[in-house]
Amino acid sequence: GRPRDLAGRHVVVSAGGTREAIDPVRYLGNRSSGLQGYALARTAVARGARVTLVAANVSLPDPAGADVVRVESAAELREAVLTAATAADVVVMAAAVADFRPAARHDSKIKKSDGEPDPIHLVKNPDILAELGERRHAGGPKPEVIVGFAAETDDVLANGQAKLARKGCDLLVVNQVGPHLAFGTPDNAATVLVAGGEPVEIPRGPKDDVADAVWDQVANLLRHPRTP
Ligand code: C5P
C-alpha cells in the first residue's frame, strides 16, 4: 500500500493544456492530455492529501476525492491556481500553459476573405510557476513546496537546472520527450531535479508510478524543509 505521508496536507495540481481564444470558435492549444496531472491528483488523494485539481480542457472523469476546478485559458488557470495556492502546502504545475495568447479575441468568427488572411498578433502570458516562486520569495510562507514540469529534448540537465533556478521552484520534473512517451500515452519517464540536491531518475512506467515517485520527493522536502 501507499504511505499516508500527505495526510493533513493541501496540495494543488494543475493539469491539461490551456486554450487561448482567437475568436468564438477557434483557439491556440497544445497536445497535453492531462493524464500525468490526473495521476498526480489521484495518487495524492490515496496518500491522504486534500487535493485541488485545476483542470484545463481535460476530457477525463473527475478523480474521486479531489476538488476539481475547470478552466480554459492561461488567465483562468492563473487565477484558480494563485487563489488555491494561498492556503496550500504544495503546488504542482503539471499543466502545459500557453506561453503566448492572441493579443485580441475577435467577438465574431473571422471570415474567410478573398485576400491574404490577417496575421494573428501574440502577446506573452504571465509565467504562473515563476510568480508562485516570487510570491514566496517576497515573504509568503506558502506553498512550502513548489514543483514545475518541463519537457526538454537536449541538454536536459543543464537546461533543467537553469529553469529550476529561474522559476524559483523546489523540484523540476523533466520529461524525457520522445516516441511513445509523455503526451497522450499511459507511460512516462522523468528526471526530478532538486534545488540544492542531486537529480533523481524516475524509470519508465505507468503515470501513476511516476506520480508516486514525484510525491516521494515532495514528502521528503516536507519532512526536511530547506533552511533558506
Ligand atoms: O518554461 P516552460 O514552459 O518550459 O516551463 C514549464 C513549467 O512552467 C510547467 O510547470 C508549466 O506548468 C509552468 N508554466 C507556467 N506558466 C507559463 C508557462 C509555463 O506556470 N506561462
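The values are calculated or read from the model by the stated rules, or taken from the named source; none is laboratory data. Note that the coordinates shown come from a computational prediction; the quantities given were computed from them, not determined experimentally. With ligands, DNA and RNA removed, areas are computed over all heavy atoms of the protein, side chains included. Shrake-Rupley method; radii C 1.70, N 1.55, O 1.52, S 1.80 Å.
Send over a whole-number figure in Å² for the accessible area per residue of the chain, probe 1.4 Å.
Working: 11940 Å² over 228 residues.
Per-residue accessible area for the chain comes out at 52 Å².
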GNM result for the chain, Cα springs below 10 Å: residue of T83, T191, T52 fluctuating most strongly: T83
Cα centroid of the stretch 124-175 to Cα centroid of the stretch 3-43, whole Å: 16
Residue among A21, A190, A80 with the largest mean-square fluctuation in a Gaussian network model of the chain, springs linking Cα atoms under 10 Å: A21
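Leaving out ligands, DNA and RNA, what percent of the accessible area of the stretch 121-161 is carbon and sulfur, probe 1.4 Å? Before the final figure, lay out the partial values.
Numbers: 1250 of 2330 Å².
Answer for the stretch 121-161: carbon and sulfur cover 54 percent of the accessible area.
Let me make sure I get this right: for the chain, a, b and c are the square roots of the gyration tensor eigenvalues over alpha carbons, sorted descending. Under 1.5 in a/c it's rounded, otherwise prolate if a/b > b/c, else oblate. Which is it?
Values: a/c = 1.66, a/b = 1.65, b/c = 1.01.
Note, shape of the chain comes out prolate.
Student exercise: in the chain, how many lysine pairs 8 or more apart or on different chains have Cα atoms under 26 Å apart? Mind showing how you got there, number by number?
Values: K109/K124; K111/K124; K124/K163; K124/K167; K142/K163; K142/K167; K163/K207; K167/K207.
Close lysine pairs under the 26 Å cut-off: 8.
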